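Structure record follows, encoded as C-alpha cells.
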Amino acid sequence: MESVWFLVDLPGYGFAKLPKVQREKFEGVIKNYLKLRENLVCTYLLIDSRLEAQQIDLDFMNWLGDNDLSFIILFTKTDKLSKTQLATNLKAYQTKLAESWYELPLILLTSGETGAGKTEVLDSIEEMLCEIIDNG
C-alpha cells in the first residue's frame, strides 16, 4: 500500500501585520490545527538564525512541548552570517532553550539561498515516514 503524506505550510504567526485581536484569533486557529491533527508527525519551526531568541518563538516551543507535539527547529538564512557568528548565535539559542528544556529539540541549519541543510531536512522527513510505515 502506498503511503500518502502532506507537508503543510502554516503562515508565520510572529510577523503577521494584523491587529492584536485578529493575531490572537489567527494563533488560535494554528494551535487548534496542530492539536487536532491526529496524524501530525512533526512540526518544523523556522527561526531566523540572525536573530536572538524571540519570546514569541520560545512561548510557541513551550506550547508545543506542553502539548506533546514533536518539532524540529530549522535555523534559516544561515548563509547571511559568518561561521563564527552562526556558531555564536546557535550556542546562545541553545543556552536559552536549556533554561526551559531538559532535552533540546533537534536544530537543523538551513539556507534557501545556498541549499545548506536540504539533505538533513529531507533525511528527517524520510526517517519519520519510514517510522510511520514500520509502525503502521
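The values are calculated or read from the model by the stated rules, or taken from the named source; none is laboratory data. None of these values were measured; they are calculated from a predicted model. As a convention, Cβ positions derive from the backbone with ideal geometry for all residues, glycine included, and neighbour counts pool all protein chains shown.
Looking only at the range 64-85, which residues are part of a helix (DSSP H, G or I), closer than 22 Å to LEU34 by Cβ and of a type in the set (D, E, K, R)?
ASP66
Please enumerate the residues belonging to the range 86-123 that are surrounded by 13 or more Cβ atoms within 10 Å (Cβ to Cβ), part of a helix (DSSP H, G or I) and either touching a Cys at 6+ places or on another chain (Cβ under 8 Å) or β-branched (Val, Ile, Thr) (or both).
Within the range 86-123, VAL121 is the sole residue that qualifies.
Condition first: surrounded by fewer than 16 Cβ atoms within 10 Å (Cβ to Cβ) and under 21 Å from GLY28 (Cα atoms). Now tell me which residues in the range 47-64 satisfy that.
Within the range 47-64, GLN54, GLN55, ILE56, ASP59, ASN62, TRP63 qualify.
Taking the criterion of being surrounded by 14 or more Cβ atoms within 10 Å (Cβ to Cβ), at pLDDT 95 or above, in contact with an Asp or Glu (Cβ under 7 Å, 6 or more places away or on another chain) and not β-branched (Val, Ile, Thr), would at least one residue in the range 68-76 satisfy it?
Looking for residues that are surrounded by 14 or more Cβ atoms within 10 Å (Cβ to Cβ), at pLDDT 95 or above, in contact with an Asp or Glu (Cβ under 7 Å, 6 or more places away or on another chain) and not β-branched (Val, Ile, Thr), one finds none in the range 68-76, hence no.
Would you check if LYS118 is of a type in the set (Lys, Arg), out of contact with any Leu (no Cβ under 8 Å at 6 or more places or on another chain) and over 18 Å from ASP9 (Cβ atoms)?
Answer is no for this residue.
Return the residue satisfying two criteria in turn: it lies in the range 29-49 and is assigned to a loop (DSSP other than H, G, I, E, B) and touching a Ser or Thr at 6+ places or on another chain (Cβ under 9 Å), and of such residues it is modelled with the highest pLDDT.
Selected residue: SER49.
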